[in-house]
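One structure is given here, and the rest of the page talks about it.
The values are calculated or read from the model by the stated rules, or taken from the named source; none is laboratory data. On a predicted model such as this, the values are computed, not experimentally measured, just so you know. All Cβ positions, glycine included, derive from the backbone under ideal geometry; neighbour counts span all protein chains shown. For accessibility, only protein heavy atoms count, side chains too; no ligands or nucleic acids. Shrake-Rupley method; radii C 1.70, N 1.55, O 1.52, S 1.80 Å.
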Amino acid sequence: MHLIVFILVSYGLTQILCYGKIFDSIRPKTGKLGELFSCSMCTGFWVGVLLGVLDPFTGLFSLSTGVLDPILLGFLSSGTSYVLDKIVCDEGIQIQKRW
C-alpha cells in the first residue's frame with residue numbers, strides 16, 4: 001500500500017510541477033531547467049529523489065531505509081510518472097493503437 005501511495009504522490013507532484021497553471025509564471029521555459037520541467041520522466045526522477053529523502057521525516061511511505069533508496073525511488077517515480085502521463089490526459093484516459 002505504501003508503494004501505491006508513493007507512486008500516486010510522485011505522479012501528482014510531477015504533474016503539478018510540469019503542467020500546473022500555478023507555476024506558469026515561475027516555471028523556466030528555456031535552458032536545462034526548461035527541459036527538466038517540460039519532461040515528466042525527468043521531473044519525476046527528481047520528485048522521487050526528493051520524496052525519498054523526505055520519507056524518514058513524514059512516515060507517509062516508510063520506503064526509504066538505505067542510502068541508495070532515494071535514487072531507486074527516483075527511478076520508480078520517473079518510470080511511473082512517465083507512463084501515467086502518457087495514459088492520462090486532460091480529457092481522461094487515452095488509449096491509442098500504433099499499428
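Quick rundown of the values:
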item: Residue pairs meeting the criteria (Cβ under 8 Å; at least 6 apart or on separate chains; first among the charged types (D, E, K, R), in the stretch 12-26; second part of a helix (DSSP H, G or I)); result: none
item: In the stretch 1-15, the residues that are open to solvent by less than 50 Å² (accessible area, probe 1.4 Å) and in contact with a Leu (Cβ under 9 Å, 6 or more places away or on another chain); result: V5, F6, I7, S10, Y11, T14, Q15
item: Among residues of the stretch 16-30, those that are loosely packed, with under 14 Cβ neighbours inside 10 Å and either out of contact with any Gly (no Cβ under 7 Å at 6 or more places or on another chain) or among the charged types (D, E, K, R) (or both), counted; result: 9
item: Of all residues in the stretch 31-80 being over 10 Å from the mean Cα position of the chain (by Cα), open to solvent by less than 70 Å² (accessible area, probe 1.4 Å) and among the small types (G, A, S), the one that is nearest to L8 (Cα to Cα); result: G52
item: G92 at pLDDT below 90, open to solvent by less than 40 Å² (accessible area, probe 1.4 Å) and among the small types (G, A, S); result: yes
item: Yes/no for D85 being under 18 Å from I7 (Cα atoms), among the charged types (D, E, K, R) and under 15 Å from the mean Cα position of the chain (by Cα); result: yes
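Residues checked against (1) of a type outside the set (G, A, S); (2) more than 15 Å from V5 (Cβ to Cβ); (3) modelled with pLDDT under 95:
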residue	(1), (2), (3)
V49	yes, yes, no
F57	yes, yes, yes
S62	no, no, yes
L68	yes, yes, yes
